[in-house]
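Just below is one structure, and these are the notes that go with it.
Laboratory data are not the source of any read-out in this text; all were calculated from the coordinates shown. Here the structure is a predicted model, which means the values were calculated and not measured. Backbone-built Cβ (ideal geometry, glycine too); neighbour counts: all protein chains shown.
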Amino acid sequence: MTLETNRRLIERYFDEVWNRGDVGVLDELLTPDYLNHSPGIPDPRPGPEDLKPIVLAMREGLPDLYYEILDMVAEPDRVAVFVRLTGTHTGSFFGMQATGRKIDVRQMQIEWIREGRIAQHWRITDDLNLMRQLGAIA
């Protein structure tokens, strides 16, 4: 795959899946044995199925969820992405009742790519800042 193809794959992933909530496209964008190595998600099964409820839960808690790509570095087998995550907490967010608060946090993600699809995902989020913005901690 070309670097530009990898960049477009990641742009599509954030736009269609996270910004629009189209979890059906995950079957096309992720490999059948996709591995999600995100902290806070205990032992998700390989494949896109366990990511779908996570996307839906994020969008339930933050219906205006939006990922802005701030920087991207593409390689033949992976893409590193620095993103800004914004939204308004107007729904249940992983068991936390709506606060009406706005969030604005950063994430660093590395997506490993195989045969034009995302095969593995690694993420670091500024969770402390997120919890402060939601009022869960001082």
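Things to note:
- Within the chain, longest stretch clear of exposed GluC sites (Glu not before Pro) (DSSP loop, no more than 15 other Cβ within 10 Å): 50-114
- On Cα atoms only, tilt of 3-12 relative to the major axis of the chain in degrees: 30
- The DSSP beta bridges internal to the chain are antiparallel in roughly 90% of cases.
- Distance from the C-alpha centroid of the range 53-79 to that of the range 104-138: 8 Å, rounded to the whole angstrom.
- Estimated purely from DSSP H runs of n ≥ 4, each contributing -39500 (n - 2.57), the mean residue ellipticity at 222 nm for the chain is -6000 deg cm²/dmol once divided by its residues.
- Dipole size of the chain about its Cα centre, with +1 on Lys/Arg Cβ and -1 on Asp/Glu Cβ: approximately 400 debye, rounded to the nearest 20.
- When the chain is described by a simple charge dipole with +1 on each Lys and Arg Cβ and -1 on each Asp and Glu Cβ, the residue from Q97, I54, G116 located farthest towards its positive end is Q97.
- Normalised contact order of the chain, rounded percent, pairs of Cα under 8 Å and 6 or more residues apart: 25
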